[in-house]
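A short write-up of the structure that comes next.
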Amino acid sequence: MKPAAVDSRILALAAQVTESPDQDVPVLLLKLKEILNSTSLGSKESQKIKQDLYYYDLVQYCVLVLKQDYSRQHGGWTTAAQLAEILSQCCVGLEVKEDPEEFYNKLLPAAAENLLFLGRRLQARFIRAIKDEEKREFLWCFQTTTDAICWLFGGHIQLTEYVLQSNHFLQLLITDDVKTAGAVMSVLQNILRVNSSVLLHVDEKILHSVLDELVYKLSSTTNPVTGNAATKLLLSVAESHPQLVDLLSTRYKGLRTLLSEQWTGKGFDRNLNQLLDLLYSESYRKGEMQRLHQAACLIQAVWRGFQSRKRLNTLPKVVTALQRSFRVKREQELQHLKRQKEDETLRQQLQLQRQKAMRLFHERQLTLLEIVPAGQVDRHIQEMEGKAALTIQRHWRGYRARRNVHQQRQSLKQYKAAVIIQRAAHKFLGKCQRKRKALSPWKEPKELTSAQKLALQQKASQMSEEMSKELHLQAQEKLTQYLLRCSLDRKADQRREALLAQVNTDMELLMNAPGLVDATEKDLDVFMSRSVPVACKARQSHNTMLKYTRWPWWKKLGDEFMDDDMIPDDVLNTEFGTLFIGGSKSS
């Protein structure tokens, strides 16, 4: 299905916003209202327009421009209020399919935060305004912004907790102005209506601050509008969860007296009586719980006394065990500290010995240089450098050989295990094959029936003597060939098994061979070859390797970092193609 085309008005507006300076962007974004109002609310066309606005970053621009100062903008703070309304209208009903985490975890919280920040600025300007016309304008802008906030978290319920925990919302609530305070309390009422359990998920400090402000408004003002809004809010809080009723009764002990004496007969007695009934019922339940709590405390006190007296009887044994464990632990710590001190002393002694040895070595070098004639100093230095290079090469080769052996140890174990398994499998298969060959040629023929015997007798009577002799000779010849072939096959199998056993034996000898340091003459005889050409070839290769080791150190520097410890073929001029072990040849 071909996707719907993007509205040309959105493309034109996105281009204008991108190319215009920052001070002109808010006025341009007001055109979004006409685009949004061109479709019916909740229709597919409306959803498509909102998705296009989000993908072309126009919604993000609305979030950003809310933090600007609109005192010098065209349209003033009315433009800011209209943008707040447009932003909430764009976000509600928007379904983001690509990268939804960016929208839900970043854009929506940022939009709520900027709307609350805009509300604080409008509230401050409303309080400072002197003229009635300015007050009406700022009040309208403030109410529009609070309506936009309510519309936003009404479409995205997860924002109710974020709005309630925002510092800007608490600052909006803490005000003595009646009109703006009423608007903020209506926002709080909508939060409780949309998500009644939000108070149980917010931080305890935030919850106490909100309740403190509501109770303070009831105690510090006589305005029935503020008293009615605060009473409704407290009633909604109490009805949302019994735990909050307990919190109101415990934290604000004079709340029932304040409500019954100061606010009775002010025009909202119905809500007031419901709140008082909840507080009184909670007080009765709390008294019953207190009586049960005292009884439980008495039982616990008696039980703890019994346990304490019982514990005092066993206290000497416990103290003895505690002292013993403490002494053992202290002794272990002292031993550990002693070992650490000995190790540190040994390390210092080794360091001093190394320093002393280095100092003696340098002194000996200086003494030798004084003794050696001036003409032989260069030769002496070259000899010392050659010995040093050989020492470095020897240590490097030893390190590399040890590393290779360590890396190949596991593979050698696996290889040896595979060889053992293969040997057992070959042995088992050979036995099965021999059994089949031993049984298959000598199967007894089935006994002939009387009809078959009669047919053979008739055929034999019809056959001449010469034909019978010729058939007998052919049968004897085929039987001889078959027996000869069976004998050859058995000899080939025996030779194959012998070669396989010899290969396995040679492999075990190689893997279990001792090192050159531990080798004896008896061990060397196992690996000696009885073939004269092979012995000559080995002697020639050995002499070539000895010549290679006597080369000057500077000729062998290029071979120190080769992957293998092998001498190049162009140096040896020999080929190591076969290996002779104990006089047998195995490739």
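Is it true that R121 is assigned to a helix (DSSP H, G or I), modelled with pLDDT of 80 or more and over 24 Å from E161 (Cα atoms)?
Criteria not met by R121.
Could we say that H362 is in a helix (DSSP H, G or I) and under 30 Å from Y548 (Cβ atoms) here?
no
Can you pull out the residues in segment 151-184 that are in contact (Cβ under 8 Å) with a residue 60 or more places away in the chain, under 21 Å from F138 (Cα atoms) and assigned to a loop (DSSP other than H, G, I, E, B)?
none
Among the residues of segment 88-101, is any surrounded by fewer than 17 Cβ atoms within 10 Å (Cβ to Cβ) and assigned to a helix (DSSP H, G or I)?
Yes, that holds for at least one residue.
Taking the stated definitions as given, is F138 in contact with a Ser or Thr (Cβ under 6 Å, 6 or more places away or on another chain), among the aromatic types (F, W, Y) and buried (at least 22 other Cβ atoms within 10 Å of the Cβ)?
No: the conditions fail for F138.
Is it the case that segment 217-230 has a residue that's in contact with a Pro (Cβ under 7 Å, 6 or more places away or on another chain), of a type outside the set (V, I, T), surrounded by fewer than 20 Cβ atoms within 10 Å (Cβ to Cβ) and modelled with pLDDT of 80 or more?
No, segment 217-230 has no match at all.
Output yes when any residue across segment 197-211 is crowded, with 17+ Cβ neighbours inside 10 Å, in contact with a Ser or Thr (Cβ under 8 Å, 6 or more places away or on another chain) and not charged (D, E, K, R), and no when none is.
yes
May I ask you to say which residue of L199, L207, L192 is in a helix (DSSP H, G or I) and either touching a Pro at 6+ places or on another chain (Cβ under 7 Å) or farther than 30 Å from F138 by Cα (or both)?
Going through L199, L207, L192 in turn, just one is in a helix (DSSP H, G or I) and either touching a Pro at 6+ places or on another chain (Cβ under 7 Å) or farther than 30 Å from F138 by Cα (or both): L199.
Which residue, of A475, A501, A513, is in a loop (DSSP other than H, G, I, E, B), of a type in the set (A, V, I, L, M, F, W, C) and modelled with pLDDT of 75 or more?
Result: A513 is the single residue among A475, A501, A513 that is in a loop (DSSP other than H, G, I, E, B), of a type in the set (A, V, I, L, M, F, W, C) and modelled with pLDDT of 75 or more.
May I ask you to say which residue of V187, V215, V210 is over 27 Å from T79 (Cβ atoms), in contact (Cβ under 8 Å) with a residue 12 or more places away in the chain and within 43 Å of the chain's Cα centre (by Cα)?
Selected residue: V210, the only one of V187, V215, V210 that is over 27 Å from T79 (Cβ atoms), in contact (Cβ under 8 Å) with a residue 12 or more places away in the chain and within 43 Å of the chain's Cα centre (by Cα).
Every residue in segment 114-136 that is in contact with a helix residue (DSSP H, G or I) (Cβ under 7 Å, 6 or more places away or on another chain) and either without any contact (Cβ under 8 Å) to a residue 24 or more places away in the chain or not aliphatic (A, V, I, L, M) (or both), please.
Of everything in segment 114-136, those that are in contact with a helix residue (DSSP H, G or I) (Cβ under 7 Å, 6 or more places away or on another chain) and either without any contact (Cβ under 8 Å) to a residue 24 or more places away in the chain or not aliphatic (A, V, I, L, M) (or both) turn out to be N114, F117, G119, R120, Q123, R125, F126, A129, K135.
Quick one: in segment 275-293, of everything that is within 14 Å of L259 (Cβ to Cβ) and open to solvent by 70 Å² or more (accessible area, probe 1.4 Å), which residue is modelled with the lowest pLDDT?
Applying the filter and picking the extreme gives Y280.
Pick out the one residue from V187, V194 that is surrounded by 19 or more Cβ atoms within 10 Å (Cβ to Cβ) and closer than 24 Å to W151 by Cβ.
Residue meeting the stated conditions: V187.
Pick from R485, R530: which is over 53 Å from the mean Cα position of the chain (by Cα), modelled with pLDDT under 80 and either of a type in the set (D, E, K, R) or outside any helix (DSSP H, G or I) (or both)?
R530
Contact list please: Cβ distance under 7 Å, first residue in segment 512-523 and in contact (Cβ under 8 Å) with a residue 40 or more places away in the chain and under 23 Å from Y415 (Cβ atoms), second residue surrounded by 10 or more Cβ atoms within 10 Å (Cβ to Cβ) and among the acidic types (D, E), pairs at least six apart or on different chains.
Final answer for the pair search is none.
Kindly check whether there is at least one residue in segment 111-121 that is open to solvent by 10 Å² or more (accessible area, probe 1.4 Å) and under 24 Å from L41 (Cβ atoms).
Yes, because at least one residue in segment 111-121 is open to solvent by 10 Å² or more (accessible area, probe 1.4 Å) and under 24 Å from L41 (Cβ atoms).
Which residues, taken from segment 482-512, are within 16 Å of L429 (Cβ to Cβ) and among the aromatic types (F, W, Y)?
Selection gives nothing.
Quickly run through segment 243-270 and pick out the residues that are farther than 25 Å from V198 by Cα and either in a loop (DSSP other than H, G, I, E, B) or touching a His at 6+ places or on another chain (Cβ under 8 Å) (or both).
Within segment 243-270, G254, W263, T264, G265, K266, G267, F268 meet the criteria.
Taking the residues in segment 385-423 that are among the aliphatic types (A, V, I, L, M) and open to solvent by less than 70 Å² (accessible area, probe 1.4 Å) as candidates, determine which candidate is farthest from E508 (Cα to Cα).
Per the stated criteria, the residue is A388.
Could you please give the count of residues in segment 143-172 that are more than 35 Å from the chain's Cα centre (by Cα), surrounded by 19 or more Cβ atoms within 10 Å (Cβ to Cβ) and among the aliphatic types (A, V, I, L, M)?
Summing the residues that are more than 35 Å from the chain's Cα centre (by Cα), surrounded by 19 or more Cβ atoms within 10 Å (Cβ to Cβ) and among the aliphatic types (A, V, I, L, M) in segment 143-172 gives 4.
So, of the residues in segment 19-78 that are aromatic (F, W, Y) and part of a helix (DSSP H, G or I), which turns out to be surrounded by the fewest Cβ atoms within 10 Å (Cβ to Cβ)?
Per the criteria, the residue is Y55.
Residue by residue, here is whether (1) among the aliphatic types (A, V, I, L, M); (2) modelled with pLDDT under 80 holds:
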| position | (1), (2) |
| --- | --- |
| Q376 | no, yes |
| K387 | no, no |
| Q414 | no, no |
| I420 | yes, no |
| K431 | no, no |
| K435 | no, yes |
| S440 | no, yes |
| E444 | no, yes |
| E465 | no, yes |
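The values are calculated or read from the model by the stated rules, or taken from the named source; none is laboratory data. Since the structure is predicted, the reported quantities are computational estimates derived from the model, not experimental observations. Don't worry about glycine lacking a Cβ; one is built from the backbone with ideal geometry, like all the others, and counts go over all protein chains shown. The area values use the complete protein model at the heavy-atom level, side chains included, leaving out ligands, DNA and RNA. Shrake-Rupley method; radii C 1.70, N 1.55, O 1.52, S 1.80 Å.
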